[in-house]
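Please read the structure below before turning to the comments.
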Amino acid sequence: MAMMWAGRFSKEIDSRVNDFNSSIKFDARMYCSDIEGSIAHATMLGEQGIIDKDESLKIIDGLRGILADLDSGALEIDPNAEDIHMFVEQVLTSRLGDTGKRLHTARSRNDQVAVDIRHYLRGECDEIAALIRELIETIVSIAQEHYYTVMPGYTHMQRAQPVTFAHHVMAYAQMLMRDLDRLSDCRRRMNVMPLGSCALAGTTYPLDRERTAELLGFDTYTDNSLDGVSDRDFCCELAGVLSILMMHLSRFSEEIILWCSWEFKFIELDDAYSTGSSIMPQKKNPDITELIRGKTGRVYGDLTTLLSMMKNLPLAYNKDMQEDKEAIFDAVDTVKLCISTFTPMLATMTVLKDNMRRAAAKGFINATDCADYLVKKGMPFRSAYKITGTLVARCIELDTTLEELPISEYKKLSELFDEDVYKAISLDTCVMQRSVEGGPAPEAVARQVERLKTKLR
Ligand code: ARG
């Protein structure tokens with residue numbers, strides 16, 4: 001096949017170089033964005049009289065035909081094409097002859113690829129945002145069922161203070177809300193149109209860039225032609241947003257893996273979302289969550305690929321930048337795959353409330369409340385802290401808990417202790433009393449849920 005630049009060259013390209021150079025395998029998925037971009041460009045060229053109005057209409061029609069044929073499968077992508085831009089233009093020219101050759105007026109593949117990726121990734125951002133919202137909604141409905149499900153809260157993986165399952169899962173809803181926010185910020189900065197930058201130095205043709213931007217649904221156009229073709233910040237930024245999102249999913253996954261273990265037994269995953277072992281008949285493994293944890297590294301890798309790829313590039317376009325697509329598409333695909341599996345897995349899991357409560361009832365999780373009891377009776381916190389520490393040591397010695405330690409033992413350490421201490425340190429009191437805004441008390445979590453729902457709307 002003769003290359004598009006054949007005029008300047010006296011030899012055919014080496015087939016290995018052709019394969020090496022070609023990006024069609026991974027940029028073919030942008031065909032719709034590429035064609036939409038060309039339709040807008042051709043429309044504007046016609047409106048500006050840069051090409052004949054009739055020819056502009058023929059080009060638009062031809063491009064619509066190619067889009068329809070690709071959608072229906074009537075036209076197949078040529079795996080030997082250099083990239084999706086050349087492929088579409090070649091088909092157009094083979095269908096329209098000389099008219100097709102006018103499409104690339106006042107345009108370069110450098111601004112073309114830049115507009116394609118922005119346009120394409122914008123759609124991916126919307127899909128990912130929808131998936132995140134669905135996940136948040138799932139978490140919220142789980143939370144609403146578990147305002148009273150007491151569980152231990154941890155620091156250093158040691159039982160620390162009691163919380164509720166609703167409060168615990170809502171922490172993830174908050175992280176995901178920030179992910180949504182970051183994603184929408186990223187989409188806003190991405191939604192700027194580079195066409196008109198051409199190869200690097202703009203063009204002498206009287207383009208109406210505002211019109212092209214409007215036709216493609218971009219908020220505005222780029223203000224510097226060199227930057228327009230060489231900016232891939234939006235890829236790095238999206239990969240960064242997705243890396244943080246994956247970090248959240250991975251932390252949640254890690255907890256689910258722990259909660260599924262016999263040591264915790266806080267939840268049980270539905271059979272449809274777990275796997276067995278080929279040798280150990282008793283096993284039910286949380287593979288989905290482990291894969292998410294594993295794939296997180298992969299998305300971080302994509303971010304590193306993009307940042308490293310960009311860091312030494314002089315202005316403007318360099319072929320290195322073709323490497324952006326595999327990395328960012330991998331990040332996008334991985335995230336979509338992970339959330340789409342994670343959400344139904346979460347929605348179908350069984351929460352083993354009694355086990356959570358039993359775990360919260362041990363481990364002196366109410367020691368802070370015992371100290372607070374003394375503080376409420378007038379003792380300075382540090383002194384109350386010390387006395388409670390001594391009480392805990394005494395419990396360990398007697399192999400008992402604060403709830404079961406006789407009042408005589410309490411009184412030995414402070415006269416402020418009375419029978420009402422047992423109520424003050426009961427698990428339910430510990431949780432119910434933490435009704436500060438943002439706390440785990442049921443009514444505080446219900447308010448948290450309401451605020452989040454308002455934001456989500
Ligand atoms: N396939 C190329 C890419 O993805 C398109 C831009 C090619 N431009 C060029 N000057 N060779 O970056």
Quiz item: Counting residues that are modelled with pLDDT of 95 or more, touching a Gly at 6+ places or on another chain (Cβ under 8 Å) and within 16 Å of the ligand (Cβ to nearest atom), which helices (runs of 4 or more DSSP H) fully inside region 168-279 reach at least 2?
Solution: 225-230
Quiz item: Just wondering, is there one or more residues in region 376-384 that are touching a helix residue (DSSP H, G or I) at 6+ places or on another chain (Cβ under 6 Å) and part of a helix (DSSP H, G or I)?
Solution: yes
Quiz prompt | All positions within region 107-144 that are within 16 Å of the ligand (Cβ to nearest atom) and not β-branched (Val, Ile, Thr) | solution = Arg107, Ser108, Arg109, Asn110, Asp111, Gln112, Ala114, Asp116, Arg118, His119, Tyr120, Leu121
Quiz item: Taking Thr155 and the conditions (1) among the β-branched types (Val, Ile, Thr); (2) buried (at least 16 other Cβ atoms within 10 Å of the Cβ); (3) more than 16 Å from the ligand (Cβ to nearest atom), which numbered condition does it fall short on, given that it satisfies the others?
Solution: (2)
Quiz item: If you go through region 325-363 one residue at a time, how many are within 18 Å of the chain's Cα centre (by Cα) and either more than 28 Å from Ser230 (Cβ to Cβ) or not aromatic (Phe, Trp, Tyr) (or both)?
Solution: 21
Self-check item: So Arg133, is it of a type in the set (D, E, K, R) and not in a helix (DSSP H, G or I)
Solution: no
Exercise. Run down Lys325, Lys353 and say which single residue is buried (at least 16 other Cβ atoms within 10 Å of the Cβ) and closer than 29 Å to Ala201 by Cα.
Key: Lys325
Self-check item: Only one of Asn318, Asn312 that is among the polar types (S, T, N, Q), within 16 Å of the ligand (Cβ to nearest atom) and modelled with pLDDT of 95 or more
Solution: Asn318
Practice problem: Just one of (1) part of a loop (DSSP other than H, G, I, E, B); (2) within 16 Å of the ligand (Cβ to nearest atom) trips up Ile328, so point out which. | Solution: (1)
Quiz item: Which condition number does Thr429 fail, the rest of (1) under 30 Å from Arg451 (Cα atoms); (2) part of a loop (DSSP other than H, G, I, E, B); (3) of a type outside the set (D, E, K, R) being met?
Solution: (2)
Practice problem: Could you please let me know if Lys362 is touching a strand residue (DSSP E or B) at 6+ places or on another chain (Cβ under 8 Å), surrounded by fewer than 17 Cβ atoms within 10 Å (Cβ to Cβ), within 30 Å of Ile139 (Cβ to Cβ) and modelled with pLDDT under 95? | Solution: yes
Quiz item: Which helices (runs of 4 or more DSSP H) sit wholly inside region 24-98 and have at least 1 residues that are at pLDDT 95 or above and more than 16 Å from the ligand (Cβ to nearest atom)?
Solution: 31-47, 53-72, 84-96
Practice problem: Please work out if Leu307 is over 30 Å from Arg394 (Cβ atoms) and buried (at least 16 other Cβ atoms within 10 Å of the Cβ). | Solution: no
Quiz item: Any chance region 62-74 includes a residue that's over 35 Å from the mean Cα position of the chain (by Cα) and buried (at least 19 other Cβ atoms within 10 Å of the Cβ)?
Solution: yes
Quiz item: Failed condition for Ile13, given (1) within 16 Å of the ligand (Cβ to nearest atom); (2) assigned to a helix (DSSP H, G or I), with all others met?
Solution: (2)
Self-check item: Test for Ala360: is it within 16 Å of the ligand (Cβ to nearest atom), touching a residue at least 60 places away in the same chain (Cβ under 8 Å) and touching a Gly at 6+ places or on another chain (Cβ under 9 Å)
Solution: no
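The values are calculated or read from the model by the stated rules, or taken from the named source; none is laboratory data. What you see is a predicted model; the values in this text were computed from it and never measured. Here the Cβ is made from the backbone with ideal geometry for all residues, glycine too, and neighbour counts use every protein chain on show.
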